[in-house]
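Undergrad: My questions all concern the structure below.
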Amino acid sequence: MADRYTIAFVPLDERPCNYEFPPLLAKGTEFEVLRPPLQLMGLKKRPGDTDGLWSWFEEASSRADGAVVALDTLLYGGIIPSRLHSLNLEELAARLEKLRELKGRQPELVIYAFQLIMRCPQYSISDEEPDYYADWGREIFRKGFIGHRKELGNATEEELQELADIDACLPQEILEDYLSRRSINIEANKLVLELVRDGIIEFLIVPQDDSAPFGHTAKDQQKVRARITELNLELKVYMYPGADEVGCTLLARMINKTKGTVPLVYPRLSSVQGAFVTPLYEDRFFYETLKYQIIAAGGLIASSAVEANLVLLLNTPGETMAEAVSQQHAFFSYDVYRNLMELVEYGDYTLKQQGKPVAVADVGYANGGDQKLVKMLREKGLLFDLAGYAGWNTSSNTLGTVIAQAMIYLLYGRTQEHLDFLALRYAEDVCYCSVVRGELSEGPVQELGFGKYLLDGQRGSVSRLVEQRLRQELASRIDGPGGRVEIIGCYMPWNRMFEVGLSVRFEPAGEYSEH
């Protein structure tokens, strides 16, 4: 391998999880990640400059060894615009043809790509959907859900009555707009499979954002899966729950393939039933997705800790998954059907007695880390000795992030960049997602005259309040004898409370400074 390996990276959108995380993970390695300037990317519902993005990508690829590409950005201008556009299939096909031309000019370029199947949320909120979704979102979802069950012959009488009621009130033009966009997007998904068949794209992930076992998205999955089978692409195209973590997953895969490494990962779960929990916003047992997340990143599941390169501690729910904001209330299934103490003791022993790298996937709750788990990891002095940690958003978002970080750690060790990324995860996943976001959204934000979906700009008074509270939470939950987390910058990327944009640095205490 050359001294430097350059990757042209097209992010799924401009939020930090998509735009910042992969470059941060590659920092300090010989893999250089090129990404488009922020002004070419979109802003939430405003699409990115697709012509400008293609020009950037073609130029960057001419200097690159590999490419990791969010096709939704090159086709529609980002993840949210993929749900709002008015493009026809001919326009999308012409854009995809550029990928074929690019590969023709640069046959050596290794292209890994990902492309979503359009989601169909279960609630009536238009924050990330067409404006009419505020009024009709739940009905659109339920029509697809019950209609799918009706086709399968297992819809109940109550469901059929609900479907009749929806058909009587859901405006036809709204349904047609929604379904026509879905049908165009699914045809674009099929066109991309031909690029895989023809060797233009070497490996493709079709992630499922906010999926359910029945409905519009589930039916679209079946169509794409059938085409994958027709084209004999099962080993080159993976389809599983996720979205915002896939840039990290494909980066790890490219690093592993380039270095010739296949990390063996031994999963250790906090609960015996954890493997059989279907996480919130996903459509299958947790363990099935875990397998995908590991092989997609270029690894394999180990059959024992002895043969493993990495032990992955999985804080799974005991029975069903709850939202992170609810963890201050007692839950029988969380307290009784899982054993966090054993998980932490096992991790401590594995890392300190056996010297084996240990990472933590904190998937006990959706949308934030487990405060009890992090408290125990801190008591053991493990927080900044881990190979990786994540606990944000969906189970799959967490898995893809921590697996990528840990696999890069296996190659490069405990660098300052690694510690900084750990610090970012504790600041964001634990202190923000699990504590500060809920606390500020339910009162202080309103007192300032705003709402959780509409703040006073990216860097207004809310962002200053968030930063102030995060400093307090970091001091009480994360900082310790090993060092402390310093916040360098804080902003609200989409002018709402759901996500935060942070720059942080881990400052080791004196005793660690020689490491």
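The values are calculated or read from the model by the stated rules, or taken from the named source; none is laboratory data. Since this is a predicted model, take the numbers as computed values, not measurements. In this analysis, Cβ positions are derived from the backbone assuming ideal geometry, glycine residues included, and neighbour counts consider all displayed protein chains. Ligands, DNA and RNA are excluded from the accessible area calculation, which covers all protein heavy atoms including side chains. Shrake-Rupley method; radii C 1.70, N 1.55, O 1.52, S 1.80 Å.
Undergrad: Could you tell me what percent of the accessible area of the chain is made up of carbon and sulfur, with a 1.4 Å probe and every protein chain present?
TA: On the way: 10240 of 20000 Å².
The value for the chain is 51 percent carbon and sulfur by accessible area.
Undergrad: Averaging sequence separations of C-alpha pairs under 8 Å and six or more residues apart, then dividing by the length of the stretch 260-317, give the relative contact order as a whole percent.
TA: 57 percent
Undergrad: Long-range amide H contacts for Gly388: which residues qualify at under 5 Å (H placed 1.01 Å from N, peptide plane, sequence gap of 5 or more or a different chain)?
TA: The answer is Val360.
Undergrad: Enter the accessible area per residue of the chain (Å², integer; probe 1.4 Å; all protein chains in place). All intermediate terms of the calculation are to be shown ahead of the outcome.
TA: Working: 20000 Å² over 515 residues.
Per residue, the chain has an accessible area of 39 Å².
Undergrad: While we're on this one: So who's got an amide H within less than 5 Å of the one on Arg484, skipping anything under 5 residues away but keeping other chains? H placed 1.01 Å off N, in plane.
TA: HN-HN under 5 Å from Arg484: Glu507, Ala509.
Undergrad: Given Lys375/Lys452; Lys44/Lys452; Lys236/Lys259; Lys150/Lys223, which pairs have Cα atoms separated by over 22 Å? Walk me through the numbers on the way to the answer.
TA: Values: Lys375/Lys452 28 Å; Lys44/Lys452 16 Å; Lys236/Lys259 19 Å; Lys150/Lys223 18 Å.
Table pairs above 22 Å Cα-Cα are Lys375/Lys452.
Undergrad: Compute the signed sum of charges (Lys and Arg +1, Asp and Glu -1) over the other residues within less than 14 Å, Cβ to Cβ, of Glu162.
TA: Numbers: positive: Arg138, Arg142, Lys143, Arg149, Lys150; negative: Glu139, Glu157, Glu158, Glu159, Asp165, Asp167.
Result for the local shell: -1.
Undergrad: Check which residues have an amide H placed less than 5 Å from Ala155's amide H, if you skip close sequence neighbours.
TA: For Ala155, whose amide H was placed from the backbone, the distant partners under 5 Å are Lys150.
Undergrad: Per residue of the chain, what 222 nm ellipticity follows from adding -39500 (n - 2.57) for every DSSP H run with n ≥ 4, rounded to the nearest 500? Please list the in-between numbers first.
TA: Details: 19 runs with 224 residues, N = 515.
Only helices count here, giving -13500 deg cm²/dmol.
Undergrad: Shifting gears a bit: Per residue of the stretch 124-136, what does 6.51 cos²θ - 1.76 cosθ + 1.60 with θ = phi - 60° give for ³J(HN,Hα)? Whole Hz please, x for Gly and Pro, Karplus curve as stated.
TA: Each residue's phi maps through the Karplus curve to give 8, 9, 9, 3, 10, 10, x, 4, 5, 5, 4, 9, 10 Hz.
Undergrad: With an 8 Å Cα cut-off and a minimum separation of 6 or more residues, compute the relative contact order for the chain in percent.
TA: Values: 951 pairs, mean separation 58.0, N = 515.
Once divided by the residue count of the chain, the mean separation gives 11 percent.
Undergrad: Please give the direction-averaged projected area of the C-alpha convex hull for the stretch 293-441, in square nanometres with one decimal. Don't skip to the end; give the middle numbers.
TA: Working: hull surface 35.1 nm².
Convex hull of Cα atoms, orientation-averaged projection: 8.8 nm².
Undergrad: HN-Hα J couplings of the stretch 342-353 from phi, Karplus 6.51/-1.76/1.60, θ = phi - 60°, integer Hz, Gly and Pro as x?
TA: Here the 3J(HN,Hα) series is 5, 4, 5, 4, 5, x, 4, 5, 4, 6, 8, 8 Hz.
Undergrad: With every protein chain present, what accessible area does Glu157 have (1.4 Å probe, heavy atoms only), rounded to the nearest 10 Å²?
TA: 140 Å²
Undergrad: Is the stretch 16-101 rounded, prolate or oblate when judged by the Cα gyration tensor, a ≥ b ≥ c being the square roots of its eigenvalues, rounded requiring a/c under 1.5 and prolate requiring a/b larger than b/c?
TA: Working: a/c = 2.41, a/b = 1.41, b/c = 1.71.
In terms of gyration-tensor shape, oblate.
Undergrad: Right, next: What does the charge add up to near Thr278, with Lys and Arg as +1, Asp and Glu as -1, over the other residues with Cβ less than 12 Å from its Cβ? Don't jump to the answer; show the numbers that get you there.
TA: Working: positive: Arg284; negative: Glu282, Asp283, Glu288, Glu319.
So the surrounding residues net to -3.
Undergrad: Assign one of three labels to the stretch 217-365, namely rounded, prolate or oblate, based on the Cα gyration tensor with a ≥ b ≥ c the square roots of its eigenvalues; rounded applies when a/c is under 1.5, prolate when it is not and a/b is larger than b/c, and oblate otherwise.
TA: Numbers: a/c = 2.37, a/b = 1.21, b/c = 1.96.
Oblate shape, in that a/c is at least 1.5 and b/c is the bigger or equal ratio.
Undergrad: State, as an integer percentage, the relative contact order of the stretch 1-105 based on alpha-carbon contacts under 8 Å between residues 6 or more apart. It would help to have the intermediate numbers written out before the result.
TA: Details: 144 pairs, mean separation 33.2, N = 105.
After rounding, I find 32 percent.
Undergrad: Across the stretch 421-427, in residue order, what do the Karplus-derived ³J(HN,Hα) couplings come to in whole Hz, using 6.51 cos²θ - 1.76 cosθ + 1.60 with θ = phi - 60° and x for Gly and Pro?
TA: 5, 4, 4, 4, 5, 5, 5
Undergrad: If packing is taken as the average number of other Cβ atoms within 10 Å across a peptide's residues, how do 419-432, 12-25 rank, most packed first?
TA: Values: 419-432: 25.6, 12-25: 22.6.
Ranked by mean Cβ neighbours within 10 Å, highest first: 419-432, 12-25.
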